[in-house]
Amino acid sequence: MSLTERLTGLPLRENFPIALVGLGHGAIHWTDAVFYLLLPALSTTLGLSYTETGALVSVFHFSAFGANFFSGPLVDLSGRRVIFQVLSVAIGALALMVMGLATTFFALAGLVVVLGVTSNLWHPPAISFLSNRYPKNRGYALSIHGLGASAGDTLAPLTAGALMAAFGWQQAAEISALPALAVAGILFIGLMRYETRKAEDTAARGVGLLEYFAGIRSVIANRAILGLCVMSGFRSMTQGGLLAFLPLYLANVMHSGPVMIGIAMAAMQVGGVIATPAAGIWSDRVGRRTVVLAGLTASTVLIASLTFLGNEAAFIAGISLLGFVLYAVRPVVHSWMMDLTPDHLSGSATSLMFGTQSGFSIVMPIIGGMLADQFGLASVFYMLAGTILMTNILTLGLPKERPAASAG
């Protein structure tokens with residue numbers, strides 16, 4: 001047995017598709033992270049209030065929410081899990097590139113809609129592809145998927161921050177789109193062989209309408225699945241609030257420049273890069289609920305403490321530690337959902353989860369912006385501590401489950 005197989009449970013060749021999907025997920029999060037880093041500069045350029053800036057982020061989540069009504073069913077009914085991954089990366093990158101040319105709020109909002117749709121379009125085909133292909137190593141496979149996201153979220157702020165300092169936010173948006181376009185090409189070359197391979201199971205072939213709707217009814221009727229979706233919605237609401245308001249807090253309260261803001265946002269993701277694979281493998285062995293509870297409890301304490309960190313270095317250290325525990329939870333929650341869902345409905349189950357997440361996340365930027373305008377940016381973080389605390393409470397109410405590996 002090779003070292004790779006001992007560490008991952010899979011031979012080296014079987015890790016190749018996992019790595020490619022992780023790379024694609026990194027590109028999706030790269031484009032999203034660049035957008036978040038652009039917020040302070042573009043809001044200043046356009047003279048936007050915190051409420052208006054928050055509304056722009058809400059547009060992102062609202063469009064992602066709307067995309068859920070077709071993305072999951074499209075994947076499950078067609079069985080095409082690779083081509084939709086390629087399209088989501090390519091179209092999102094093009095939207096980011098054109099964003100650098102936009103000069104009005106409504107033009108930006110239209111491009112943000114495209115970003116939100118493509119961000120959501122990625123997850124049903126990617127998560128179902130990995131879940132169905134690696135059922136006994138689901139936690140590991142999806143942790144690498146999550147690792148790609150953390151890597152994209154880490155590298156994008158550093159790169160975009162430096163580009164903004166050198167060229168301004170418009171050119172930074174245009175240049176930052178190029179690596180994501182390159183990844184779309186790599187995915188097309190590397191993964192399409194798995195799309196064209198003869199399907200041997202129902203999930204790969206797609207399903208008929210009657211079978212699909214019968215299955216969806218059973219998924220929606222599952223109280224554990226619905227509870228998991230609501231819990232994930234509160235977690236995503238908190239994460240989205242942090243991504244939207246941390247750059248604003250650093251720029252307007254701590255008076256950090258674009259490079260330092262990029263370093264700070266990258267620091268939050270570095271923790272996720274380190275913790276995500278370990279959390280996925282651990283959850284395969286001890287169960288999803290144990291790992292999720294540990295990460296959420298630590299996240300609650302850290303978010304509540306952020307505003308008490310008075311200097312830039314301490315604040316960045318706190319963000320990094322928060323990322324370590326908060327982002328480790330993400331792929332474990334996705335694995336938990338796949339454990340509960342039939343393979344041929346995995347795309348729609350993913351859409352149900354991400355639709356709930358997007359629905360919850362729509363209101364956070366606007367409410368946070370109103371709070372910030374009225375009471376200051378620190379008040380937003382107290383609200384976020386409350387939403388992550390609610391996530392803890394909901395997780396405690398979910399049923400305990402067997403470790404995925406033993407669950408078959």
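The values are calculated or read from the model by the stated rules, or taken from the named source; none is laboratory data. Owing to the predicted nature of the structure, the values given are computational and were not obtained by experimental measurement. Cβ atoms come from the backbone with ideal geometry, glycine included; neighbour counts cover every protein chain shown.
Do we have any residue at all in segment 38-48 that's more than 20 Å from the chain's Cα centre (by Cα), over 24 Å from residue 254 (Cβ atoms) and at pLDDT 85 or above? Let's see the steps before the verdict.
Step one: of segment 38-48, the residues more than 20 Å from the chain's Cα centre (by Cα) are 40-48.
Cutting the leftovers down to over 24 Å from residue 254 (Cβ atoms) gives us none.
The answer is no, given that none of the residues of segment 38-48 is more than 20 Å from the chain's Cα centre (by Cα), over 24 Å from residue 254 (Cβ atoms) and at pLDDT 85 or above.
Yes or no: segment 97-114 includes at least one residue that is in contact with a Phe, Trp or Tyr (Cβ under 7 Å, 6 or more places away or on another chain) and among the β-branched types (Val, Ile, Thr). Break it down into steps so the answer makes sense when it comes.
Taking segment 97-114 and keeping what is in contact with a Phe, Trp or Tyr (Cβ under 7 Å, 6 or more places away or on another chain), we get 112.
Within this subset, residues satisfying the condition of being among the β-branched types (Val, Ile, Thr) are 112.
Yes, the conditions are met somewhere in segment 97-114.
Is it the case, given these coordinates, that residue 238 is touching a Leu at 6+ places or on another chain (Cβ under 7 Å) and at pLDDT 90 or above?
Values: touching a Leu at 6+ places or on another chain (Cβ under 7 Å): yes; at pLDDT 90 or above: yes.
Considered against the rule, which asks whether it is touching a Leu at 6+ places or on another chain (Cβ under 7 Å) and at pLDDT 90 or above, residue 238 comes out as yes.
May I ask you to list the residues in segment 241-258 that are at pLDDT 85 or above and in a helix (DSSP H, G or I)?
Hits for segment 241-258 are 241, 242, 245, 246, 247, 248, 249, 250, 251, 252.
Can you confirm whether segment 10-29 contains a residue that is at pLDDT below 85 and not in a helix (DSSP H, G or I)?
yes
Just to be sure I understand, how many residues within segment 303-320 are closer than 18 Å to residue 389 by Cβ, buried (at least 16 other Cβ atoms within 10 Å of the Cβ) and not polar (S, T, N, Q)? Please lay out each step first, then the result.
Restricting attention to segment 303-320, the residues satisfying the condition of being closer than 18 Å to residue 389 by Cβ are 303-308, 318.
From what is left, the residues that are buried (at least 16 other Cβ atoms within 10 Å of the Cβ) are 303-304, 306-307, 318.
Checking the rest, the ones that are also not polar (S, T, N, Q) come to 303-304, 306, 318.
Qualifying residue count for the region: 4.
If you take the residues in segment 68-86 that are under 20 Å from residue 148 (Cβ atoms) and touching a Leu at 6+ places or on another chain (Cβ under 7 Å), which one is modelled with the lowest pLDDT?
Our first condition is that a residue be under 20 Å from residue 148 (Cβ atoms); within segment 68-86, this holds for 71, 75, 81-86.
Those left that are additionally touching a Leu at 6+ places or on another chain (Cβ under 7 Å): 71, 82, 84-86.
On the way: 71: 75, 82: 89, 84: 91, 85: 93, 86: 94.
Going through the qualifying residues, I end up with 71.
Checking the structure you have, find out if any residue of segment 189-197 is under 28 Å from residue 116 (Cα atoms), in a helix (DSSP H, G or I), modelled with pLDDT of 85 or more and in contact with a Gly (Cβ under 9 Å, 6 or more places away or on another chain).
yes
For residue 278, indicate whether it is small (Gly, Ala, Ser), out of contact with any helix residue (DSSP H, G or I) (no Cβ under 7 Å at 6 or more places or on another chain) and free of Cβ contacts under 8 Å to residues at least 40 places away in the same chain.
On the way: small (Gly, Ala, Ser): yes; out of contact with any helix residue (DSSP H, G or I) (no Cβ under 7 Å at 6 or more places or on another chain): yes; free of Cβ contacts under 8 Å to residues at least 40 places away in the same chain: no.
Here the answer is no, as residue 278 does not meet what is asked.
Name the residue that is nearest to residue 300 (Cα to Cα), counting only residues in segment 347-386 that are of a type in the set (Ser, Thr, Tyr) and in contact (Cβ under 8 Å) with a residue 12 or more places away in the chain.
Of all residues in segment 347-386, those of a type in the set (Ser, Thr, Tyr) come to 348, 350-351, 356, 358, 361, 379, 382.
This time we only want the ones that are in contact (Cβ under 8 Å) with a residue 12 or more places away in the chain, so: 348, 350-351, 356, 358, 361, 382.
On the way: 348: 30, 350: 25, 351: 26, 356: 21, 358: 21, 361: 18, 382: 10 Å.
Of everything passing the filter in segment 347-386, 382 is nearest to residue 300 (Cα to Cα).
As an exercise: evaluate residue 274 against (1) among the hydrophobic types (A, V, I, L, M, F, W, C); (2) modelled with pLDDT of 85 or more; (3) closer than 16 Å to residue 150 by Cβ and give the number of the one condition it does not meet.
(2)
Only one residue in 406, 305 is at pLDDT 85 or above, assigned to a helix (DSSP H, G or I), more than 21 Å from the chain's Cα centre (by Cα) and of a type outside the set (Asp, Glu). Which one?
Working: 406 fails: at pLDDT 85 or above.
Among 406, 305, only 305 is at pLDDT 85 or above, assigned to a helix (DSSP H, G or I), more than 21 Å from the chain's Cα centre (by Cα) and of a type outside the set (Asp, Glu).
How many of the residues making up segment 281-300 are surrounded by fewer than 16 Cβ atoms within 10 Å (Cβ to Cβ) and under 20 Å from residue 377 (Cβ atoms)?
Selection size over segment 281-300: 0.
Can you name the residue in segment 226-276 that is buried (at least 21 other Cβ atoms within 10 Å of the Cβ) and of a type in the set (Val, Ile, Thr) and is also farthest from residue 376 (Cα to Cα) among such residues?
Ranking the qualifying residues of segment 226-276, first place goes to 276.
Being assigned to a loop (DSSP other than H, G, I, E, B), more than 22 Å from residue 127 (Cα to Cα) and free of Cβ contacts under 8 Å to residues at least 40 places away in the same chain is true for just one of 310, 318. Which residue is that?
Details: 318 fails: assigned to a loop (DSSP other than H, G, I, E, B).
Just a single option satisfies the conditions, and that option is 310.
Scan segment 81-125 for residues that are over 24 Å from residue 51 (Cβ atoms) and either without any contact (Cβ under 8 Å) to a residue 12 or more places away in the chain or hydroxyl-bearing (Ser, Thr, Tyr) (or both) and jot them down.
The answer is 88, 118.
Here is a check on your reading of the model: is residue 312 under 21 Å from residue 322 (Cβ atoms) and modelled with pLDDT under 85?
Values: under 21 Å from residue 322 (Cβ atoms): yes; modelled with pLDDT under 85: yes.
Criteria met by residue 312.
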